[in-house]
Amino acid sequence: MPKLVGATSTSGYFQQHPKLYNGLEDDPILDRSAKLFLPEKVYQQVYPSLHALCDLVIDPKTLALVANAEHDLPYIKGTGFSSFGHPIPDALVTSPGWKELQDIGIRNGIVATGYDSALGASARVVQFLKLHQWGPSSAVVTCPSAMQDGAANVLLRELQRISPGSRAYDDKEDNRSIKRKVFTRAVERLLSIDPAIAWTSGQWMTERPGGSDVAGTETVATYEGDNGETDIDGNPLGPWRIDGFKWFSSATDCGCVLLLAQTEKGLGCFFAPTRKLDPEGAVAMNGIRIQRLKNKLGTKAVPTAEIEVRGMRAWLVGTEGRGVANIGTLLNVTRLYNAGSSTGFFGRGLAIARSFGRVRVMPSLALKGLPDKLRTLPRYTKTIAGVTLTYRADTLLAVFVAALVGKVENPDSPTAAIIPTDHDQVAALMRLITPVSKARTAKNGIAGLQECMESLGGVGYMENQENPEMNVARLFRDANVLSIWEGTTDVMATDTVKVVKGKLGAQSIGAVDAWLKATLSSNSTDPYGAKSSVDLSAEKAAITKAWSIFVYNAQSRSIDELLAYGREVVAEIGDVVCAALLIADAENDNDPTAVECARRFVRTRGTFGFDGKDVPDWKAVSQWDDKISFERD
Ligand code: UCC
Ligand code: FAD
């Protein structure tokens, strides 16, 4: 009998360190999404830079910056005022880690890629794939990036509207050419990949009376005309004076903001640079004072603040009274980022879970001389396979939205065949599926990350400062905001129902109808040239039936009833679109795991009515669980 020896702090069992791998190699759905949504030539062209980014995001140096940003939290310098009572410009202090991460994001074109004309309609897909990987290693600098992208989008649309040939220009400012100059310069900054030039943007919608319902906005815009003040580029600061109080500002270190304010004709959308030149030529704040920073569950490095606005000078975007509609463009972009972040965080959580499952030893198995790693336990792989399937479906859904946005923005540019060519159909799909994707990916991401955290046992709940690559608890904390900001889940449900029952209702249902028909047609003339040799006809029939039941219910019930069941509406549309995407992915190359994922999804989701009718042999199911969880091993 060997002598029993107690463990000490330096002897006994030590867990082998888990290792993260390059996302394009370790996470099959990332590469598969790229193949499904990018034309072959674009896929080949962007693969090397995507691969390099996937290395960068797991580089210990990058993760050390995240740890620094989470440790050195933002704060306000002193009182925010000089000894003589002058407001101090740039009183907000952020960490070196935060600043460097901002710069890395800018240099890697996290925003600019979405506007890369060489990529055409694929630009948004490539951008999405970058964001998906970058988000979980960025300390959430992606939050300001999202609003930066949204602001660029809104300003580009406004530049089109006020272009010399346009007759749509009807506000009281007789200053189109100055406005064009100001917005053109702002767009240059928002899309720059030079950190010395680039601006992030704020998005100030939420006030104390409400963020979901902005009708009670207490910020007021008054038209005063040019007052001679200039922004830091020497351009006029804007003819509107803005006064009010904004309850949440995430990108508080931004170069400009888009905000809502009341005008005599109702809500307006306004653009304002955050800094100006004072009469002595020094940089000063443009009527902005930070009241205090918020103390939050997660997104700790993000300098979220309450802001008092007094005498800020701004430019009207769009027309008075159309503020919500005019900022709507931005919402669709930021909600896409939200979905990219949800799925990106979820994917990283799964990568961490896999890395642990591969090395964690089960002592009772080791003592029996059996394969002893956690990943060999059928109950464990069933849990991981379940969340992996949800993640695969949600990632396809979110990349689909990115591809639709890319096509709406570049209607004449070719795409992968899964995206329709008809502009109205693409626009209607985008408008309907964006809130569905935002709501679904956020909720599933949070729940999925909780499972990933639990799968590491106690270590999962730790901050793991010494091994920041393992910090799944941080991802879980950060992810919890994704279902709240940019519209809560119930607000997304309301928005979805408004689309279904509103003036776009028939068009959006027709758009899904046509897309489903094309996607689920499996004969040799189908638009994807699918080489399908597998039989998914029962699954396809179930999807078609589920959709027709949904359409019948949506059309026959009142808007009030549908609003009450808004979450079910979101779930059903999401299930149908995800199922069709999983089938398209499976038929793209007949990959057996992808086929199993498509089958499983349809046969286990209540939406499709297979419940209890399909009881395959449990050992065969377990083998598939292992394959779905650890496909690349
Ligand atoms: O939370 C925030 C920032 C956080 C950080 C961002 C990070 C991003 C991800 C990064 C991840 C790391 S900023 C605050 C965000 N706030 C919201 O999202 C507001 C939530 N509430 C809503 O979305 C509501 O649905 C409202 C406020 C839009 C509803 O207002 P109303 O007044 O009831 O408006 P309606 O009646 O629904 O819409 C008015 C008009 C309609 O057009 P018309 O008049 O032509 O029929 C709508 O079709 O606006 C149009 N509209 C839209 N158009 C409304 N929503 C949209 C839309 N999404 N797209 C296009
Ligand atoms: P409320 O609108 O009061 O909502 C409370 C509850 O009522 C929610 O559960 C909501 O779902 C429900 N509800 C409201 N309306 C409806 C409806 N029509 N149907 C069903 N249910 C409904 N905002 C900005 O403008 N800019 C920012 O930079 C920003 N950054 C943020 C950063 C963080 C970390 C957080 C947490 C929030 C941030 N927000 C920002 C605010 C965010 O957008 C709002 O918190 C959110 O939109 C909800 O608004 P609210 O807090 O006023 O809650």
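The values are calculated or read from the model by the stated rules, or taken from the named source; none is laboratory data. Quick caveat, the model's predicted, so the values are computed rather than measured. Heads up, the Cβs are rebuilt from the backbone with ideal geometry, glycines too, and the neighbour counts pull from every protein chain shown.
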* To do: Provide a single number: the residues in the range 189-204 that are under 18 Å from the mean Cα position of the chain (by Cα) and within 10 Å of ligand 1 (Cβ to nearest atom).
  => 2
* Write out, first by first residue and then by second, each pair whose Cβ atoms fall under 6 Å of each other, whose residues are 6+ apart or on separate chains, and whose first residue, in the range 42-66, is on the phi < 0 side of the Ramachandran plot while the second is part of a loop (DSSP other than H, G, I, E, B) and of a type outside the set (Phe, Trp, Tyr). => 54/22; 55/22; 58/20; 66/139
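Listed here are the residues, each with its yes/no results for (1) over 29 Å from residue 346 (Cα atoms); (2) without any contact (Cβ under 8 Å) to a residue 24 or more places away in the chain; (3) over 17 Å from the mean Cα position of the chain (by Cα).
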| site | (1), (2), (3) |
| --- | --- |
| 120 | no, no, yes |
| 136 | no, no, no |
| 145 | no, no, no |
| 150 | no, no, no |
| 165 | yes, yes, yes |
* Residues 244, 225: which one is surrounded by fewer than 22 Cβ atoms within 10 Å (Cβ to Cβ) and touching a Ser or Thr at 6+ places or on another chain (Cβ under 8 Å)? -> 244
* Asked: Do we have any residue at all in the range 82-98 that's within 16 Å of ligand 2 (Cβ to nearest atom) and out of contact with any strand residue (DSSP E or B) (no Cβ under 7 Å at 6 or more places or on another chain)?
  -> yes
* Within the range 296-315, is even one residue among the β-branched types (Val, Ile, Thr) and on the phi > 0 side of the Ramachandran plot? -> yes
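Of the residues 20, 73, 30, which single one is out of contact with any Asp or Glu (no Cβ under 9 Å at 6 or more places or on another chain), under 25 Å from residue 360 (Cβ atoms) and surrounded by 15 or more Cβ atoms within 10 Å (Cβ to Cβ)?
30
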* If you take the residues of the range 262-274 that are more than 14 Å from ligand 1 (Cβ to nearest atom), within 28 Å of the chain's Cα centre (by Cα) and more than 19 Å from residue 75 (Cα to Cα), which of them is surrounded by the fewest Cβ atoms within 10 Å (Cβ to Cβ)? -> 271
* To do: For the range 365-374, indicate whether the set of residues that are touching a residue at least 12 places away in the same chain (Cβ under 8 Å) and under 29 Å from residue 31 (Cβ atoms) is non-empty.
  => yes
* Evaluate the following for residue 39: is it under 29 Å from residue 464 (Cβ atoms) and in contact (Cβ under 8 Å) with a residue 12 or more places away in the chain? => no
* Residue match in the range 308-315 (condition: within 18 Å of residue 93 (Cα to Cα), of a type in the set (D, E, K, R) and crowded, with 19+ Cβ neighbours inside 10 Å) -> no
* To do: Return the residue satisfying two criteria in turn: it lies in the range 311-364 and is touching a Phe, Trp or Tyr at 6+ places or on another chain (Cβ under 7 Å) and of a type in the set (Gly, Ala, Ser), and of such residues it is farthest from ligand 2 (Cβ to nearest atom).
  => 357
* Asked: Is one or more of the residues making up the range 451-472 within 30 Å of residue 584 (Cα to Cα) and within 16 Å of ligand 2 (Cβ to nearest atom)?
  -> no
* Asked: Hey, does the range 167-175 have a residue that's within 16 Å of ligand 2 (Cβ to nearest atom) and either at pLDDT 95 or above or not aliphatic (A, V, I, L, M) (or both)?
  -> no
* Structure fact -> By residue number, the members of the range 209-236 that are of a type in the set (Val, Ile, Thr), part of a loop (DSSP other than H, G, I, E, B) and within 16 Å of ligand 2 (Cβ to nearest atom) are 217, 219
* Output the number of the condition that residue 85 fails; it satisfies all remaining conditions of (1) in contact (Cβ under 8 Å) with a residue 24 or more places away in the chain; (2) at positive phi. => (1)
* Structure fact -> Going through the range 182-208 in order, the residues found to be in contact with a strand residue (DSSP E or B) (Cβ under 7 Å, 6 or more places away or on another chain), among the aliphatic types (A, V, I, L, M) and in a loop (DSSP other than H, G, I, E, B) are 205
* If you take the residues in the range 205-255 that are more than 11 Å from ligand 1 (Cβ to nearest atom), free of Cβ contacts under 8 Å to residues at least 60 places away in the same chain and β-branched (Val, Ile, Thr), which one is farthest from residue 281 (Cα to Cα)? -> 220
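Checking the condition more than 29 Å from residue 352 (Cα to Cα), of a type in the set (A, V, I, L, M, F, W, C), in contact with a helix residue (DSSP H, G or I) (Cβ under 8 Å, 6 or more places away or on another chain) and at pLDDT 95 or above, which residue from 583, 559 passes?
Only one candidate qualifies: 559.
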